[in-house]
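Each value in this text was obtained by applying a stated rule to the coordinates, not by laboratory testing. Just so you know, these numbers come straight off a predicted model, no measurement behind them. Backbone-built Cβ (ideal geometry, glycine too); neighbour counts: all protein chains shown.
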Amino acid sequence: MLLQIKAKPVKKISGKGKGLAAFRRNTRAAVRGLWSGALNKDQAFDAFTVAIEQAIDLAWIEGAQECGIQESEFTKEEIEARDDFIFEQTGQLRPFIDDIEKKSKKNKGELTPLLTRNEMWVNQYSSAKQQSEALACRNEKREWRIGRTEHCRTCLALNGQVRRLSFWANNVVPRNAPNERLECGGWRCQCTLRKTDKPISRGRLPLGL
């Protein structure tokens, strides 16, 4: 089941600032509001859903602009992929909302673990931007580079591999949790695909990827 193509993608992010910082701020506010009792479940779900839609839309625009593609130039494929991404993220939201209510302040639950789990959605901003860039820049070369965190066996093996962006998109990409192709599942992955002039790596990807 796919979301219908939006006739007019959302452009504005609520609150001050844009992008990743605003996404984190808006989702944390929804989590804190439900946990504290300031919001009920439906209000928190709606606030979280709006934050996801707005942030992923902006991330999609930013990703495409890395290759000089503007929002008005999106293809049907790119719009459908964006809406698919949003649908997938909001589809995983209800169990989290239920869990926040169960572990609310009223029920003597702790807020910090819930805010930590919230980062799973915040990290999807980078994943969305990356996916949009992969569609817009599919023939450009990218090198897999590990970030500043503990690395799983898969990410370490991929570090330094150079492929076309379309190849990465069709095989394995960093982050994008839940990511079954990575040993770390993409949850705390900080790897990136960086532009490079290095020659394309030969042979198959390591570890049977």
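The table for this structure:
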{"item": "Of every Cα-Cα pair in the range 19-132, the percent that sits beyond 20 Å", "result": "41 percent"}
{"item": "Reach of LYS108 by Cα under 16 Å, taken over aspartates and glutamates that are not fewer than 8 positions away in the same chain", "result": "ASP98, ASP99"}
{"item": "Relative contact order (percent, whole number), the chain, Cα cutoff 8 Å, 6+ residue spacing", "result": "21 percent"}
{"item": "Structure-derived Kirkwood radius over Cα pairs in Å: which label, when the choices are [x] 18.1; [y] 19.2; [z] 17.6", "result": "[x]"}
{"item": "Entries in LYS76/LYS141; LYS18/LYS102; LYS105/LYS129; LYS18/LYS103 that, when Cα-Cα distance is taken, lie over 27 Å", "result": "LYS18/LYS102; LYS105/LYS129; LYS18/LYS103"}
{"item": "Between the range 191-209 and the range 24-83, the alpha-carbon center distance in angstrom", "result": "30 Å"}
{"item": "Across the chain: Cys residues that no other cysteine approaches within a C-beta distance under 4.7 Å", "result": "CYS155, CYS189, CYS191"}
{"item": "Ellipsoid equivalent to the range 138-208 - semi-axes via the Cα gyration tensor, in Å", "result": "19, 12, 12"}
{"item": "Span-rule helices in the chain, defined as complete DSSP H runs reaching 27 Å or more along the axis (Cα) with Kyte mean at least -1.0", "result": "41-65"}
